[in-house]
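Trainee: To start, I am sharing the structure in question, which I have written as structure tokens.
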Amino acid sequence: MASITLPVGGGTQSGAAEAPKLRVSDFLRWSVDHKIIGVQYMAVALFFFIVGGTLAMLIRWELLTPNLDVVQTGTQYNTLFSVHGLVMIFLWIIPMMAGFGNYLVPLQLGAKDMAFPWLNAFAFWLIPPAGILLIGSMLVGAPESGWTQYPPLSTLYSGDGQTLAALSIHLLGISSILGAINFIVTIKNMRPAGMGWWQLPLFCWATLATAIIVVMATPFLAGGLTLLILDKIAGTSFFDAGNGGDPQLWQNVFWFYSHPAVYIMILPGMGMLSEVLATHARKPVFGYKMVAISSMAIALVGFTVWAHHMFTSLTPELRVPFMITSMIIAVPTGIKIFSWLGTIWGGKIRFTSAMLFGLGFLSMFVVGGIGGVMLAAIPFDIHVHDTYFVVSHLHFVLYGGSVFTIYAGIYHWFPKITGRMLDERLGKWHFALTYVGFFFSFFPMNFAGMLGMPRRVAYYLPEFQSVNTVISISAFVLGISTFVMLYNIWISMRHGKKAGANPWRALTLEWATTSPPPSTNFIDDPVPFHDPYGYGDKDSQAYLDDIDKRFGVGEDVPVPRPAVQPAASGD
Amino acid sequence: MASTTPSKPSSGGLQTTTIIAVVVVGILLIVGGIILGQATPLLFPQQASAEAAQVDNLFHIMLVIGGAIFLLVQGLLVFSMWRFRARKGETGDGEPIHGNTTLEIVWTAIPAVIVFVLTILSWQVFNSLQAPKPGEASVVVAGARFNWAFTYNVPLSILGYEVDETLLPPDVKDDLADDGTVSITSATLYSYVNQPVALAMDARDVIHAFWVPAFRVKQDLIPGRTTTVRFTPTVADTYPSGIQCAELCGANHGIMRADIVVAENEAEYNKLLTPILESRLFPPADPVVRGRAILESNVYPCYTCHVLSDLSSANWVGNVGPALDGVADRAATSRANATSQTAAEYLYTSIHEPGAYLVPGYGNLMPQLGVPECDVWAMVAYLATQSTSGSAPFEVVQPDVCIPQVSGPPGSEPPPAGEATAEAAAETEVVPAEATAEATAEGS
């Protein structure tokens, strides 16, 4: 066997690495430290999660009855769900994933920072003004055309708020592109000695795939939004059929970005999931290469499926090719699901909160995936297009998918970011409430949609009231569950148990330094273990013991250490 | 494929127990999928078209397969969570299994085959839905915020009696001279059992989507192009709010609905259309009555934005546009002054060319509705009576071409010009209109 690789070059220093103290003021000002930027992204995203969630609660309150009663006009209702969608996508999931990427990618690569630290900070600071613009858009005239902003409703009929919303998304698009360029360069150029492409942690693979999508797709959104804004304020008529334009042009350009955007939102989560499942099941990721390659396959095929969002508007002859590609993309997604099941099979599963959300993801995402294949079948899609069936599907992949992985990521990496553990008991409450609230919010929507309830309506037929009541009450439970997590974060930041460097005994490099890491991340150049998921390998035990020895263990040891370090591992 | 994952990935040949486990689990999954598939009829509304049966069958197949995959994944998940949980005091890691090429090929190939089969099946169903059917009836659909209108071209022969064509209103004569049919418009979609229908659809303002859940068909209406949707109803029934707009179109998108009436056969269908045709052939002589009847029929979407107490029974409760109570007084005074038109001209322009003069405080939201000339003048005559005094403060002169020549069907029927037609129309027309009103009245 090869000699044991130690996480710290030479391993000569004795254990006294001190974790730096975090100060709130550091996070309120311009900083080029990727860790501070990462936390800034996450904090802003969490704030907007609350904003978007509040809008969702208002929507569900309105939908308790078949009539308009909570809000005054249908336009106000339309504004609620339009801004809800935009906030959740562009100000919650995407920045949150970018926050994880910023925090983790340099650490997982053993690097001191991102390739372009200043650009990184600039990309973040575009977000607060964009957020203000988007929230402000609700006050100056309703953006009432949904997050999809289809003209001519958006261009000829919606208020000035629509223009502000479009400007806001434009800024966020620029921020995404700048961030993505940074990720690509960082991952390509800053891998340490000993980390080839096939030793790259899967979160980095996923971030790379995501960044490639962002760089290739987001310019289309920018182009489309430019035309939309010109139509609104400069009297052009790109999308106005009355003056020679074509409303469907927008749909093609928009979905050419926005379908890949679905993968922008889910791929980083899938990367986090691979880390969480392997670590907490104490087993290598099953089929590592296939998981990595399938991310790239999804990124590639993801560019060929956009018009399946247009199965009721596209020229009929053009629909079939998009059905074929949409069906094909189910295959790499299936590979991932089965690989994750293979990962936990035969493991030593530890039911930490992070792991529960990881397992919850598998359980919920498969529902969204099956619904997705059904939606790819044109004849069925025609029936349920623009109904609650689609609302259910998209929330299963974006909430049951992305948000569950974000939650898993929060429980998994909070100790690294703050140096303290989140409370596991509260974490389990959070999981239970989220899982139940989520399932009963979104699964019954399938029935409502198939039976005839369209989406984006403030009025519905009285026969749908019972199912909507179930949905709304579950949604309120889901809303409450969020505050359990926020409370957990709030108290654990100050009073959580000390985490130590590597509470989960994980092998990727971010754990081979103090929690939180010093401003240069590592004291020496760290040496990665030859396999980022080499759990069950005897060498890995020695490597992990060395981290414990070097940095010490925390007050809480969620993953018990083998009694004496040279002892052979369990089996 | 599930249970091959586990036991002895390292062993050379598959053990008998593993094979038995795979077969048993496979059978259980198929049975489970079939049981879940039984739920299909509960998940859909009434199956009322030839298309519905095809779509439901396709879904049934997908539900069986999807159900089996759902059970497989959840089953593996729960089993693993129980079987591979870390016991108290356990410190070790799991087995360092990095993969299994055979297994990975299997779980790539099986989903690939499944989606291939589903693609072929879907393609076949889709082709059949799209294919033009022999003997299709054609109906023209106009979608405008927030109303549906259906225009039928019918021959005079559906009346069942002779009509003296020379006495028909001039615009009807033009229509007849074109292709031997008269176009009539209704806010309700009529059809009959086993008659294939092709709808040619136009959007007046924004994108709408024509959706009939009971028929499982949906198609967007896109400004600037005409789109087509086909269906063949199979169940004679009245479908209140059977049509629902499915593409976000603005404030009242949720109540952009319309009724469908599917008759038993062609004769019944003709009977349903007859009163609408008669009201076109023999319109009330009084333009005020005529105008009120047009507005009350809701073939134009005026009611979705304007409020008018006189027509509240026809659901004129919109709150987007200017209220029309007392509009005659305003037209005669402030609006006539502001636009330097006569009151009648101002009302005419406001309907015919909505963007020309905007009432202060209101945006340019009203679309060009393509209302025929004589309908506009009849509406103007009626709106001129909407004053506080109750009588028209100004005179509306009807163009010659719009003055109907009093006529009527021969035989026992009294001349339908006037009340007889209105009543006949009321019997068929108003019933579904009330159904809509009920559904939406609760909303307001």
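The values are calculated or read from the model by the stated rules, or taken from the named source; none is laboratory data. Source: prediction; values computed, not measured. Don't worry about glycine lacking a Cβ; one is built from the backbone with ideal geometry, like all the others, and counts go over all protein chains shown. Note: areas computed on protein heavy atoms with side chains; ligands, DNA, RNA excluded. Shrake-Rupley method; radii C 1.70, N 1.55, O 1.52, S 1.80 Å.
Trainee: Go through segment B:92-110 residue by residue and tally those that are open to solvent by 60 Å² or more (accessible area, probe 1.4 Å), over 48 Å from the mean Cα position of the chain (by Cα) and more than 7 Å from chain A (Cβ to nearest Cβ).
Mentor: 2
Trainee: Do we have residue B:89 as assigned to a loop (DSSP other than H, G, I, E, B), touching a helix residue (DSSP H, G or I) at 6+ places or on another chain (Cβ under 9 Å) and within 10 Å of chain A (Cβ to nearest Cβ) here?
Mentor: No.
Trainee: Can you work out which of the residues in segment A:220-259 that are polar (S, T, N, Q) and in a helix (DSSP H, G or I) is nearest to the other protein chains (Cβ to nearest Cβ)?
Mentor: The selected residue is A:248.
Trainee: Does residue A:513 meet the test of being at pLDDT 90 or above, under 17 Å from residue A:278 (Cα atoms), crowded, with 21+ Cβ neighbours inside 10 Å and polar (S, T, N, Q)? Working first, answer last.
Mentor: On the way: at pLDDT 90 or above: yes; under 17 Å from residue A:278 (Cα atoms): no; crowded, with 21+ Cβ neighbours inside 10 Å: yes; polar (S, T, N, Q): yes.
No; evaluated as a whole, the condition is false for this residue.
Trainee: Out of the residues in segment B:245-262 that are open to solvent by 10 Å² or more (accessible area, probe 1.4 Å) and assigned to a strand (DSSP E or B), state the one that is farthest from residue A:456 (Cα to Cα).
Mentor: Selected residue: B:261.
Trainee: Which residues, taken from segment A:233-253, are surrounded by fewer than 22 Cβ atoms within 10 Å (Cβ to Cβ) and in contact with a Ser or Thr (Cβ under 7 Å, 6 or more places away or on another chain)?
Mentor: Narrowing segment A:233-253 to residues surrounded by fewer than 22 Cβ atoms within 10 Å (Cβ to Cβ): A:233-238, A:240-246, A:249, A:252-253.
A:233, A:240, A:243, A:244, A:245, listed by residue number.
Trainee: Considering every residue within segment A:427-445, establish whether at least one is outside any helix (DSSP H, G or I) and either away from every other protein chain (no Cβ under 14 Å) or open to solvent by less than 50 Å² (accessible area, probe 1.4 Å) (or both).
Mentor: no
Trainee: Only one of these is aromatic (Phe, Trp, Tyr), farther than 18 Å from residue B:69 by Cβ and touching a helix residue (DSSP H, G or I) at 6+ places or on another chain (Cβ under 9 Å): A:365, A:351, A:380, A:338. Name it.
Mentor: A:351
Trainee: Right, something else. Give the residues of segment A:382-408 that are of a type in the set (Ser, Thr, Tyr) and more than 23 Å from residue B:55 (Cβ to Cβ), sorted by residue number.
Mentor: Of everything in segment A:382-408, those that are of a type in the set (Ser, Thr, Tyr) and more than 23 Å from residue B:55 (Cβ to Cβ) turn out to be A:399, A:402, A:405, A:407.
Trainee: Hey, could you check segment A:314-340 for residues that are in contact with a Ser or Thr (Cβ under 7 Å, 6 or more places away or on another chain) and at the interface with another protein chain (Cβ under 9 Å from one of its Cβ atoms) and say which is most open to solvent (accessible area, probe 1.4 Å)?
Mentor: Checking each candidate, the answer is A:324.
Trainee: While we're on this one: Can we say residue A:129 is modelled with pLDDT of 95 or more, in contact with a Ser or Thr (Cβ under 9 Å, 6 or more places away or on another chain) and over 26 Å from residue A:510 (Cα atoms)?
Mentor: Considered against the rule, which asks whether it is modelled with pLDDT of 95 or more, in contact with a Ser or Thr (Cβ under 9 Å, 6 or more places away or on another chain) and over 26 Å from residue A:510 (Cα atoms), residue A:129 comes out as yes.
Trainee: Another one. Of the residues A:346, A:372, which is over 22 Å from the mean Cα position of the chain (by Cα) and either open to solvent by 10 Å² or more (accessible area, probe 1.4 Å) or modelled with pLDDT under 95 (or both)?
Mentor: A:346
Trainee: Output the residues belonging to segment B:212-231 that are within 7 Å of another protein chain (Cβ to nearest Cβ), under 13 Å from the mean Cα position of the chain (by Cα) and either in a strand (DSSP E or B) or within 17 Å of residue B:146 (Cβ to Cβ) (or both).
Mentor: The initial filter retains those residues of segment B:212-231 that are within 7 Å of another protein chain (Cβ to nearest Cβ), namely B:213, B:216-220, B:222-224.
From what is left, the residues that are under 13 Å from the mean Cα position of the chain (by Cα) are B:213, B:216-220.
B:217, B:218, B:219, B:220, listed by residue number.
Trainee: While we're on this one: The conditions are (1) at the interface with chain B (Cβ under 9 Å from one of its Cβ atoms); (2) polar (S, T, N, Q); (3) buried (at least 24 other Cβ atoms within 10 Å of the Cβ), and residue A:353 fails exactly one of them. Which is it?
Mentor: Checking residue A:353 against (1) at the interface with chain B (Cβ under 9 Å from one of its Cβ atoms); (2) polar (S, T, N, Q); (3) buried (at least 24 other Cβ atoms within 10 Å of the Cβ), the one that fails is (1).
Trainee: Does residue A:156 qualify as being hydrophobic (A, V, I, L, M, F, W, C) and touching a Ser or Thr at 6+ places or on another chain (Cβ under 9 Å)? Break it down into steps so the answer makes sense when it comes.
Mentor: On the way: hydrophobic (A, V, I, L, M, F, W, C): yes; touching a Ser or Thr at 6+ places or on another chain (Cβ under 9 Å): no.
When the stated conditions are applied, residue A:156 does not pass them.
Trainee: For segment B:280-300, does any single residue satisfy the condition of being assigned to a loop (DSSP other than H, G, I, E, B), in contact with a Cys (Cβ under 7 Å, 6 or more places away or on another chain) and among the β-branched types (Val, Ile, Thr)?
Mentor: Looking for residues that are assigned to a loop (DSSP other than H, G, I, E, B), in contact with a Cys (Cβ under 7 Å, 6 or more places away or on another chain) and among the β-branched types (Val, Ile, Thr), one finds none in segment B:280-300, hence no.
Trainee: Which residue is surrounded by the most Cβ atoms within 10 Å (Cβ to Cβ), if the candidates are limited to segment B:111-147 and must be within 14 Å of chain A (Cβ to nearest Cβ) and under 30 Å from residue B:255 (Cα atoms)?
Mentor: Filtering segment B:111-147 for residues that are within 14 Å of chain A (Cβ to nearest Cβ) and under 30 Å from residue B:255 (Cα atoms), the one surrounded by the most Cβ atoms within 10 Å (Cβ to Cβ) comes out as B:143.
Trainee: Continuing with the same structure: Looking at (1) in contact (Cβ under 8 Å) with a residue 24 or more places away in the chain; (2) of a type outside the set (D, E, K, R); (3) closer than 24 Å to residue A:88 by Cα; (4) assigned to a loop (DSSP other than H, G, I, E, B), which one does residue A:121 not meet, given that it meets all the others?
Mentor: (4)
Trainee: Name the residue that is farthest from residue A:438 (Cα to Cα), counting only residues in segment A:368-386 that are touching a Gly at 6+ places or on another chain (Cβ under 7 Å) and more than 7 Å from chain B (Cβ to nearest Cβ).
Mentor: The extreme case among them is A:384.
Trainee: Among the listed residues A:217, A:209, which satisfies the condition of being open to solvent by less than 10 Å² (accessible area, probe 1.4 Å), touching a Ser or Thr at 6+ places or on another chain (Cβ under 6 Å), away from every other protein chain (no Cβ under 14 Å) and not charged (D, E, K, R)?
Mentor: Details: A:217 fails: touching a Ser or Thr at 6+ places or on another chain (Cβ under 6 Å).
None of the other options fit; the residue is A:209.
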